[in-house]
Amino acid sequence: MSAGKTLHPAIAEIVEMRRLGALEASRHRFTVSRAAALLRLREQAKARAEDESDGAWLWTLSLVRAANAVSDAARIRVRVEPSFDGDEALEAVIFEVLTPGFDCRRLDTRDLLAGALEGDVGARLTEESEESGGESEGGSEDAVRLRRVHALLGRAINEALAAEPRVLAVRTPAPSGGRRFEPREQIVEGRDPYGDRRLVPLEGESQIVVEFVRPRAGLGTRLGRWVRGRSSTEAVIVALWQRRGLDERGDADDDDGVEKEDGGLSVSPIEVLGAPAIALGKHGRLGPRLRLKAPPVAGPRAWAGQWLLRDGVRILDLSPTMHQHLGEAGVVALGPAWIDCPSLRLTADERSVVQDSALELLIAWIQHYLEARAPDWSVEWPAGVFAEDHGPAPEVPDDGITRVGPPADPRPGLRSASGWVVPRAFIDGEARRNRELLYVWRHRVSAIAGHDRDKVLALWPAQMEGLQAEFPELSLVPALVLYGLPDRKPEDLSRLRADSYPPLVLSRATPVALSPESEAKLGPLCVSVEAYVHRSPAATTGFLALLVYERRLVQYSDRDHALPGLTVIGRVTPQVGPGELPPEIDMVALRRDGGAVAALAAACRDKTIEHWEPLLSHVVSQANPWETPLLSSALARLTPATLGLRYRGTEQGLRLSWRETALLDVQIGRDAQGQPRRLRDALLLLRDRGVIVVGDARRRPSLRSKDPRLHPWSIVGVQKELVVRTLGRAALLPMPTTPEAYPLVKDSPEALVEDQRHLIAPAHVSADLSRANKEPRARERLLGLLLMTRALGHDAAGLEDRPLLERYDSRAANPTRLVSLREAISEQPRPGLVPTGAVRRSLPRPVIEAPPGLAALLAKVEGFEAAAGEADADAESSTARGAQGGRGESSGAPIRRRARAAPPLLATTVADVLVVGRLQVASDGSADGISLWFGGLRERELKLPEPLGRVSGKLVMTPKGRRLDRQELQAHVAARARELLLSAPGQRALLPPLGRRREKLDHLLTYLRQTAKARDEFDMAEALGVDTKGERADRELELRRLSLRAAPLQPLPDQRVALLERVVVQSLAMKLRIGSAMLVWKAARLGRRRRDTIDLDFGLRNAWIQRALDEERVLDRDAHRHAALLAGALVVAEFFHQARPREDLALSDEHLSVALWRLLQLR
């Protein structure tokens, strides 16, 4: 559909109803792996359902969680309604989810099942949520709520589909409506057995309706349920919610506070908390003394132990984990409890939690709670971190006994791992000196070696929160993390800081996208990047180093990671929310995870390139650009392409434009008054006047221009090389010369002609013509004369036909050549104008190189325009490539780079008397045709029919090949392309069985074989191992039947007149216009097609045709009939021979067989 057009409303409605996902992501999200993941999750849901009574309704717990995730007063109504599908009795269990305070119209229901693939993570705890159990309102928190309810709804739906319902319908008031899931008619392995379609939106704003339709149980099953007291489906579901929900009302009446006035069952945990939850910092909440209602049936107490709570639902028993980390005594001391810790991650089977730093921090909080709790199970965390905050130190008795070890001190406060009290003055001094302190959780002190305990702090999490609040600049490093490292000393950056300019901070705590496997092992990570520019001219080697806890993780110095003269430091930290304690990073595991390390290094590299311009600006103002390695290398890579040099149309006419960069502030020389001039000043002068005069200002004062801006500048050495490379060779006009002798840029379009009449100087024409082929300045003067004469209506004396303009064609082998003005004007489309030297192979079409003055005059007089193209994008990408170590544009690569980006699947070199070059099959399946070149120019594109159309390449024709007829040359190239495709089976046999290249070759072979089966135009079926005999026979039989239906066979008449014509017409079963050709020796000549008829002429010079016509009547009736049939066979064969290459007829060998069969039936 073309841009700007919209679908008809009726069609758009149908498309929206049938669309399975968001348009921008549906192609990527609906894949085989996605369906396989959903089916695997359903298998896990079935396994969990088998382990528990009423397991068929476990999926409703996710529905309860989704309601609690968005509302603090959520309610759910459950009812069962009978239903019928023909003679089958069904029952529909309907759940009406009410979410007061949340607008369900904001939900996106186009792809509900996608939420099932997201991890089960709790909501982040905030100050408000610790008191109310809900989440704080706000932009970011609100977005998190939407994502979580989408994930929980997707989980509930996918688990419900595991129960194999007849229909599962989800209705919402969202504009995208709801979804109805039904079993597909055809089950395909690897595909979701359920299809879905869109439902119209509900009315209202805070309601979600889920309908679960299943076969109704038989009479015996219902009777058994009634005997067990479980006849009501609603009661079974409510009992499940009460067992797994957080309901701490003890022995309160079962119906008290459950049923609301509107009939809804309250599922929010806020109204049923027996006591306020204990906040474990920002990390989690603890509900000790868990008291629940007695289970309705006899059996083990379902709540014994410690449970992980998510959205008011107990989802996992943490007792095994607590026994592992707290021991039997700790579990007994803690007692039955619920724990709400959002950062805990579940394992893949959701039967345990991941053993990571989040769990370690939770255990530390619980250990601190067990130590500090009061007899009534409440806790008051210490208000002061240090011992002196809790009173003076006790006096040590002077009894003459020498004591070893720390003195007894009952005050709570900060201590070392060996037990010594740590005063505030010590921590304050370490923080001011920017020194790091090692710490260990107090319950893990035994893991620290005895000789290290005096240097390690023993902390509880509450003490760490106090330290971070009082000393935010304090660096705390977990001691146990460093035990697996060969070198525990922090990296010394003092030498780097002394030998570099002040560092520039590029980012702070930027999240890095890791693979799901890496994030599961290491947790979410951030990186802070700062850059150090080297001072010394000899320090050209660049480095990229990753630090964790100021210890070197990895260091790179290759060009793929590091930039010349620059050291990039990336500090890796865990990703935490505001006020949360940072989890520990396992450096050993991180160092072993090559993918995570590569992602962190790539993030540092990307941040450096993203801040390339600020980094240059930071250094240019305080460094000598010619002695600083970073700036000198950047200047060496500065070209017209990276600078984005181009022309733009303005009100004053065609003007030079460029991309702003800090490198333009580099000094390049001095003007006539001795004032320093920058590269930016040179660009401004080139834009306003079109040329920069260079030379000794004291010599030849008579040649100075009256315009002060055209007085000579002094530009020498490397500065001059920079200007020539960046602005082009035509930018500088060396003395002695007169700048007015060349076309200049004027302040207005009218002044371009009126103020430059002096360019008409016939006296110098002959001398300039003799040097025009070698000297660009001579051509520039001649072009000024030519354009002024045309502007004023004078005779140009044949200069229009002289090659004076430089034309650049990126597609040619020799891209630059001289063309005349007449040739440039007549070319369609007319080439655009670019500054001299600003050409590159990526230009989409031919251009004319011209300095600014000449370009302005060409635009004014002849109407030339600036070259159209993506110059800005090219400049940005070239700058990025330049920042990546100088790997900018290549000056010799052709414009077609598709096959060079990835190795081709098949490739061959062609070298014969007709063509020389290379043919290949691209790895991405694309085909741009075969370009034919001669004399450095591309003459045409050769498009071969499929399957040879998969072959692309470039062929240079020899003189003999260029003289060859086009059809013959195409047949020759097609034969070479056929040989290349037929080499695919042999190449496949040389590859290992697993790999992307083998897989792509398999796809190519499948395509070739399918094409050969349908129509083997190039005789490839046998070589590719395609058995077409059986299929061909079936096609022939079908064609026979169709031909007899369209043109039934009629007996041949006994008359002799037009007998051959009747034989041919009945054999071919086509509408033919028969004629004769006097000078044709072949049996027949095929003409053109006229709508529904085809011209066919008999060759009267052919002996068999003459015998069949028998104009002299020398044959008897039987002999003449035999001659007509024989000549008819020759005509049919000649007809198909000439029709084979014609695409308008599309005839195959099966048609020939049917035609000959029809002819044989006429005997």
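Quick note: the coordinates plus some simple rules give every number you see, no bench work behind them. Just so we're clear, the structure is a prediction, and the values are computed from it rather than from any experiment. All Cβ positions, glycine included, derive from the backbone under ideal geometry; neighbour counts span all protein chains shown.
Length gain on complete extension for the stretch ARG680 to GLU371, per 0.36 nm per residue less the alpha carbon to alpha carbon distance? Working shown, then result.
Values: separation 309, 0.36 × 309 = 111.24 nm, distance 6.96 nm.
Answer, rounded to one decimal: 104.3 nm.
Compute the length gained on full extension between ALA35 and ARG709: take 0.36 nm times their separation in residues and subtract their Cα-Cα distance, giving the result in nm to one decimal.
The ALA35-ARG709 span can extend by a further 235.5 nm.
Sorted by mean Cβ packing within 10 Å, highest first, what order do the peptides 207-215, 341-349 take? Could you put the intermediate results ahead of the total?
Numbers: 207-215: 20.0, 341-349: 17.0.
Top to bottom by mean Cβ count within 10 Å: 207-215, 341-349.
Label LEU1079 and THR737 with points 7 Å out from Cα along Cα→Cβ: what is the distance between them in nm?
6.4 nm
Skipping prolines and chain starts, which residues have an amide H placed within reach, meaning under 5 Å, of the one on TRP713, given they are 5 or more residues away or on another chain?
Distant-sequence amide H within range of TRP713: VAL693, VAL694, GLY695.
Given a cut-off of 29 Å, name the pairs among LYS706/LYS860; LYS607/LYS720; LYS521/LYS607; LYS943/LYS1082 whose C-alpha atoms lie farther apart than that in the structure shown. Mind showing how you got there, number by number?
Values: LYS706/LYS860 24 Å; LYS607/LYS720 33 Å; LYS521/LYS607 25 Å; LYS943/LYS1082 31 Å.
Distance filter (> 29 Å) returns LYS607/LYS720; LYS943/LYS1082.
Given segment 556-619, report the % of alpha carbon pairs whose separation exceeds 17 Å.
Values: 1072 of 2016 pairs.
Every Cα pair in segment 556-619 considered, those over 17 Å come to 53 percent.
Which stretch or stretches of segment 738-757 have amide N atoms under 18 Å from the point lying 7 Å from GLU651's Cα along the Cα→Cβ direction?
Residues 746-752 fall inside that zone.
Going 7 Å from the Cα of ARG1040 along its beta-carbon direction, which residues of segment 1134-1163 have the amide nitrogen within less than 18 Å of the resulting point?
Counting backbone N atoms under 18 Å from the label point, the list is 1148-1163.
Note down the nm distance, to one decimal, between modelled labels 7 Å out along Cα→Cβ at VAL1114 and at LYS1071.
3.9 nm
Cα centroids of segment 306-329 and segment 626-669: how far apart, whole angstrom?
Result: 64 Å between the Cα centres.
Under 16 Å from a point placed 7 Å out from the Cα of GLU721 along the Cα-to-Cβ direction: which residues of segment 621-640 have their backbone N that close?
Correct set: 625-639.
Name the shape class, rounded, prolate or oblate, that the alpha-carbon gyration tensor gives for segment 429-495, where a ≥ b ≥ c are the square roots of its eigenvalues, rounded holds for a/c under 1.5, and otherwise prolate holds if a/b is larger than b/c and oblate otherwise.
Numbers: a/c = 2.12, a/b = 1.03, b/c = 2.06.
The shape class here is oblate.
What ³J(HN,Hα) values, in whole Hz, does the Karplus curve 6.51 cos²θ - 1.76 cosθ + 1.60 give for segment 781-788 when θ = phi - 60°, with x put for Gly and Pro?
3J(HN,Hα) across segment 781-788, in whole Hz: 5, 5, 5, x, 4, 4, 5, 5.
Going by the alpha-carbon gyration tensor, a ≥ b ≥ c the square roots of its eigenvalues, is segment 637-866 rounded (a/c under 1.5) or, if a/c is not under 1.5, prolate (a/b greater than b/c) versus oblate?
On the way: a/c = 1.66, a/b = 1.20, b/c = 1.39.
The shape class here is oblate.
With r defined as the distance between the Cβ atoms of GLU979 and ASN814 and R0 fixed at 45 Å, what FRET efficiency is calculated, to the nearest 0.05?
Details: r = 31 Å, r/R0 = 0.69.
Between GLU979 and ASN814 the formula returns 0.90.
Using each residue's phi in segment 157-169, evaluate 6.51 cos²θ - 1.76 cosθ + 1.60 at θ = phi - 60° and report the 3J(HN,Hα) Karplus result to the nearest Hz, with x for Gly and Pro.
Values, residue by residue: 5, 5, 5, 5, 5, 5, 7, 6, x, 6, 9, 10, 10 Hz.
Write down the Kirkwood hydrodynamic radius of segment 498-626, to one decimal in angstroms, obtained as one divided by the mean of 1/r over all alpha carbon pairs. Don't skip to the answer; put the middle values down first.
Values: mean 1/r = 0.0652 Å⁻¹.
Roughly 15.3 Å, rounded to one decimal.
Testing the spin-label approximation: label points 7 Å from Cα along Cα→Cβ at ALA513 and ASP558. State their distance in nm.
Going by the 7 Å Cα→Cβ label model, 2.3 nm.
First measure r as the distance between the Cβ atoms of VAL913 and GLU182, then evaluate 1/(1 + (r/R0)^6) with R0 = 60 Å and state the FRET efficiency to the nearest 0.05.
For VAL913 and GLU182, the calculated efficiency is 0.35.
Give the order of TYR501, TYR439 when sorted by the count of other beta carbons within 10 angstrom, beginning with the fewest. Display every interim value, and only then the final one.
On the way: TYR501 17, TYR439 21.
The order, fewest Cβ neighbours first, is TYR501, TYR439.
Can you sort PHE84, PHE1136 so the residue with the fewest Cβ neighbours within 10 Å comes first? Don't jump to the answer; show the numbers that get you there.
On the way: PHE84 10, PHE1136 20.
By the 10 Å Cβ count, ascending: PHE84, PHE1136.
Amide H of SER83 versus every other amide H placed in the peptide plane: which residues, excluding those fewer than 5 positions away on the same chain, fall under 5 Å?
Here the answer is LEU90, GLU91, ALA92, since their amide H atoms fall under 5 Å of that of SER83.
Just to check I understand the Karplus step: with θ = phi - 60° and J = 6.51 cos²θ - 1.76 cosθ + 1.60, what whole-Hz values come out for segment 1084-1092, glycine and proline as x?
Whole-Hz 3J(HN,Hα) from phi for segment 1084-1092: 7, 10, 7, x, 8, 9, 10, 6, 9.
What FRET efficiency comes out for VAL765 versus ASP965 if R0 is 56 angstrom and r is the Cβ-Cβ distance? Round to the nearest 0.05. Intermediate values should be presented prior to the final figure.
Working: r = 47 Å, r/R0 = 0.83.
Efficiency for this residue pair is about 0.75.
Using the number of other C-beta atoms within 10 angstrom as an exposure proxy, rank LEU1068, LEU514 with the fewest first. Write down the numbers at each step before the final one.
On the way: LEU1068 25, LEU514 20.
So the residues, fewest neighbours to most, are LEU514, LEU1068.
Skipping prolines and chain starts, which residues have an amide H placed within reach, meaning under 5 Å, of the one on ARG1101, given they are 5 or more residues away or on another chain?
VAL1080
Output the antiparallel fraction of DSSP beta bridges having both residues in segment 1029-1160, as a percent to the nearest 5.
Working: 5 of 11 bridges.
Restricted to segment 1029-1160, the bridges split so that about 45 percent are antiparallel.
Any idea what Rg and Dmax come out to for segment 1029-1160 if you just take the C-alpha atoms, in Å?
Cα radius of gyration and Dmax of segment 1029-1160 are 14.9, 47 Å respectively.
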